1. Could you count how many residues in the stretch 80-106 are within 30 Å of Ser26 (Cα to Cα) and either more than 17 Å from the chain's Cα centre (by Cα) or of a type in the set (S, T, N, Q) (or both)?
2. Here are Ile168, Ile150: which of them is over 30 Å from Val47 (Cα atoms) and out of contact with any Gly (no Cβ under 7 Å at 6 or more places or on another chain)?
3. Checking the structure you have, find out if any residue of the stretch 131-145 is over 20 Å from Tyr55 (Cβ atoms), of a type in the set (Ser, Thr, Tyr) and outside any loop (DSSP other than H, G, I, E, B).
4. Among what's in the stretch 115-173 and is touching an Asp or Glu at 6+ places or on another chain (Cβ under 6 Å) and either of a type in the set (Lys, Arg) or surrounded by 19 or more Cβ atoms within 10 Å (Cβ to Cβ) (or both), pick the residue that is nearest to Lys189 (Cα to Cα).
5. Of all residues being among the small types (Gly, Ala, Ser) and either over 30 Å from Ala52 (Cβ atoms) or exposed (fewer than 12 other Cβ atoms within 10 Å of the Cβ) (or both) in the stretch 1-31, which is modelled with the lowest pLDDT? Just the residue, please.
6. In the set Phe87, Phe73, Phe60, which member is surrounded by 15 or more Cβ atoms within 10 Å (Cβ to Cβ), touching a Leu at 6+ places or on another chain (Cβ under 9 Å), within 20 Å of Lys151 (Cβ to Cβ) and not hydroxyl-bearing (Ser, Thr, Tyr)?
7. Being of a type in the set (Phe, Trp, Tyr) and either closer than 11 Å to Leu132 by Cα or at pLDDT 95 or above (or both) is the filter here, so list the residues in the stretch 162-205 that pass it.
Amino acid sequence: MGKNKKSALPVNWLLLGLILSLYVVSFILYPVLSDMVPSHWNIYGQVDGYMAKTYHIVFFPSLILGIYLLMSFAPVIDPKPESYEKFKNVVEAFRTIMVLILSAIYIAATLYALGIQVSVAKVIMPAIGLMLVFLGNYMGKIRHNYTFGIKTPWTLASEEVWNKTHRISGPLWVAAGAVWVLSVFFNEKLGFILSMGSMFAVTIFGVVYSYVVFKKLQNGV
């Protein structure tokens, strides 16, 4: 058998530049931000949580950087690094999407903290929806690994269960993403219920389906 190939994803200097710019702009805006800035919005789109502005400008850009690094080095830390060679382009694209989405959410939240009436929910919903559409569209190409994809005890235990679960779940995640995008046309409460409901439904389906397929394989069906 060949030696497992372990290599991180290529460095994306544009994404790193974007993340660095978030730090720079945040520190420039620091003096004009209130001591406490909004950090959470309820299902009605109303602010119901606050955090210190220092935490805001340090934590969120660092979270984005952390996710970038985690996804970049996933092929190295995963027990099955050879799998990533088969869908590396998908992971690279998803890394880009994650950084862009989280950056957009952070920018929207910062603008709101500056007194600009941006609907953060209207930014989050379609952004996450587009991410889910992308992920669902390419889910069938994600090969058996331990850090990226639908990870249940049964998909991790069987490559066949993994492949079948991802192939059938892909279109469902696309549909859930469409619900998230369309939720912007409803009021905040209804949009939240529909989007979270769709996410919950496809997640539960993946868990149950992988279990059923695993048991059928065990029984030789």
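The values are calculated or read from the model by the stated rules, or taken from the named source; none is laboratory data. Since this is a predicted model, take the numbers as computed values, not measurements. For neighbour counting, all protein chains shown are included, and Cβ atoms are generated from backbone atoms with ideal geometry for every residue, glycine included.
1. Summing the residues that are within 30 Å of Ser26 (Cα to Cα) and either more than 17 Å from the chain's Cα centre (by Cα) or of a type in the set (S, T, N, Q) (or both) in the stretch 80-106 gives 2.
2. Ile168
3. Scanning the stretch 131-145, I find at least one residue that is over 20 Å from Tyr55 (Cβ atoms), of a type in the set (Ser, Thr, Tyr) and outside any loop (DSSP other than H, G, I, E, B), so the answer is yes.
4. So, considering only residues that are touching an Asp or Glu at 6+ places or on another chain (Cβ under 6 Å) and either of a type in the set (Lys, Arg) or surrounded by 19 or more Cβ atoms within 10 Å (Cβ to Cβ) (or both), the one nearest to Lys189 (Cα to Cα) is Ala121.
5. Top of the filtered list is Gly2.
6. Phe73
7. Trp162, Trp173, Trp180, Phe200, Phe205
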